[in-house]
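What follows is a set of notes on a single structure, which appears directly below.
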Amino acid sequence: MWSRRWAAYLLACLGGFAVLEYLGIRSRRRGGPNGTLTCALRRWLHIDPVGPRRRLGQAALVAVLAWFGLHIVTGRWP
């Protein structure tokens, strides 16, 4: 039962993500940023444009991705 709920939730999230990414790609200005999640994350983490806390943003992103990968592979929470 939980597998079906998680699958439905994942499909809904992927569908919403696909719509937002499509609209973000279509909004691209010539030579400028577009409205995709990648561009938003780069702005929020001060990577593009380069901000004073760029290294902190990069380290935070790497740490979250490393934790998530380890969590998926091992099943451990902390």
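Where a number appears in this text, it was derived from the coordinates with a stated rule and is not lab data. Not measured: the values here are computed from a predicted model. Backbone-built Cβ (ideal geometry, glycine too); neighbour counts: all protein chains shown.
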Output for the stretch 15-53, where each listed residue is touching a helix residue (DSSP H, G or I) at 6+ places or on another chain (Cβ under 7 Å) and among the charged types (D, E, K, R): E21, D48
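Just a yes or no: is a residue in the stretch 62-78 in contact with a helix residue (DSSP H, G or I) (Cβ under 6 Å, 6 or more places away or on another chain) and either farther than 22 Å from F17 by Cα or not small (G, A, S) (or both)? Don't jump to the end; show me each part of the working.
The first filter runs over the stretch 62-78 and keeps only residues in contact with a helix residue (DSSP H, G or I) (Cβ under 6 Å, 6 or more places away or on another chain), leaving none.
No.
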